[in-house]
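First comes the structure, then the notes that go with it.
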Amino acid sequence: MTTSTQSPAAGMTRLPAAGIQTDHGHGSTALAVGARCPCEKCRPVHSAYRRRVYRLQGYGLWQPHIDATQTREHINYLHQAGISYLQIAEQSGLSGNQVRRIAHKVVKQVRTETAEVILALTLEGMRRKVLPATGSARRLQALVAVGWPFASVAPHIGMDPRGITRVIHQPYIFRTTADAIVVAFEQMKNLKPEDNGVSLIGAQKSRRLAERRGWPDPLWWEDMGHIDNPAFDPATAERPLNFHEQARLRAEEILHLASYGAGPDEIAERLGLGRDYVVARLRDLREVAA
């Protein structure tokens with residue numbers, strides 16, 4: 001992922017952009033022009049845009065279509081920084097297919113309006129609306145592990161089933177979508193899918209899918225924690241401890257019991273260790289502490 005916040009297209013000459021807003025909220029070019037939002041904040045921005053178009057048309061300077069290179073470079077810059085094509089589409093009022101066609105050089109020209117809307121999207125503005133998708137993906141996978149097919153989870157989140165599978169693979173997700181997934185997860189994790197509209201075959205297929213792919217269920221995550229932590233790897237969380245890790249764990253357990261007044265005999269019995277081993281470890285620990 002690139003760490004630069006300077007778009008490759010930033011050094012190129014941009015279109016006249018009077019009134020262009022870049023915060024992506026209501027009153028932004030993305031909503032007012034791209035999505036044609038009719039709210040009070042967006043209407044003046046859309047009107048200003050149309051007045052500028054009429055003025056340029058009057059001067060004979062209006063170009064309804066322009067070369068797509070600058071727009072394509074900006075899309076790819078955002079995409080390389082971890083913003084998905086679908087997220088770019090949602091923020092610009094386009095379809096995911098339109099954004100992909102521009103990015104993959106299927107089209108050589110774009111509408112001027114489309115170019116301005118996309119170029120108004122900033123990486124900073126996009127990142128304010130997204131967060132890492134790790135926790136969302138794990139919650140969806142956990143629901144599959146207890147028998148919920150993606151198609152049955154999707155209506156509870158307001159997503160297309162295909163959109164759910166994209167969440168599992170993309171690095172970022174919109175905060176609003178992540179919040180909806182948390183709510184659905186809490187509502188569904190303790191419900192039996194077969195009693196809530198999922199067929200027995202569908203539930204069994206989902207459980208087998210999760211088992212093949214090593215997706216933990218909600219109870220596992222409740223025990224282990226770290227569901228939103230990208231640095232936590234479920235695949236290695238329960239691996240057998242090596243010799244040094246086992247020795248360190250035993251030492252911690254011995255020290256813990258000794259701190260509560262347990263003697264070598266009691267510690268050895270409770271931990272299933274030899275008395276001589278416990279005495280030696282206590283001696284080592286005391287020498288280190290000294």
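The values are calculated or read from the model by the stated rules, or taken from the named source; none is laboratory data. Computed from a predicted structure; not experimentally measured. Counting neighbours? That spans all protein chains shown, and the Cβs are built from the backbone with ideal geometry, glycine included.
Of all residues in region 134-154, none satisfies the criterion of being among the aromatic types (Phe, Trp, Tyr) and out of contact with any Pro (no Cβ under 7 Å at 6 or more places or on another chain). Only residues that are under 19 Å from Glu287 (Cβ atoms) and in a helix (DSSP H, G or I): list them for region 250-272, please. Answer for region 250-272, where residues must be under 19 Å from Glu287 (Cβ atoms) and in a helix (DSSP H, G or I): Arg250, Ala251, Glu252, Glu253, Ile254, Leu255, His256, Leu257, Ala258, Ser259, Pro264, Ile267. All of (1) closer than 30 Å to Arg128 by Cβ; (2) over 18 Å from the mean Cα position of the chain (by Cα); (3) at pLDDT below 90 hold for Met188 with one exception: (3). Residues in region 117-163 that are among the β-branched types (Val, Ile, Thr) and assigned to a helix (DSSP H, G or I) were compared, and the one that is surrounded by the fewest Cβ atoms within 10 Å (Cβ to Cβ) is Thr134.
Among the candidates Ala231, Ala235, Ala247, the residue that is out of contact with any helix residue (DSSP H, G or I) (no Cβ under 6 Å at 6 or more places or on another chain), in a loop (DSSP other than H, G, I, E, B) and either in the same structural domain as Thr134 (by TED's automatic domain parsing) or on the phi < 0 side of the Ramachandran plot (or both) is uniquely Ala231. Of all residues in region 126-133, at least one satisfies being within 30 Å of Leu200 (Cα to Cα) and in contact with a helix residue (DSSP H, G or I) (Cβ under 9 Å, 6 or more places away or on another chain). Of the residues making up region 185-207, one or more are out of contact with any strand residue (DSSP E or B) (no Cβ under 9 Å at 6 or more places or on another chain), in the same structural domain as His156 (by TED's automatic domain parsing), closer than 26 Å to Tyr85 by Cα and without any contact (Cβ under 8 Å) to a residue 60 or more places away in the chain. Taken over region 59-115, the residue count meeting the criterion of being in a loop (DSSP other than H, G, I, E, B) and of a type in the set (Val, Ile, Thr) is 3. Take Ile168 and tell me if it is surrounded by fewer than 21 Cβ atoms within 10 Å (Cβ to Cβ), of a type in the set (A, V, I, L, M, F, W, C) and in contact with a Leu (Cβ under 7 Å, 6 or more places away or on another chain). Here the answer is yes, as Ile168 does meet what is asked.
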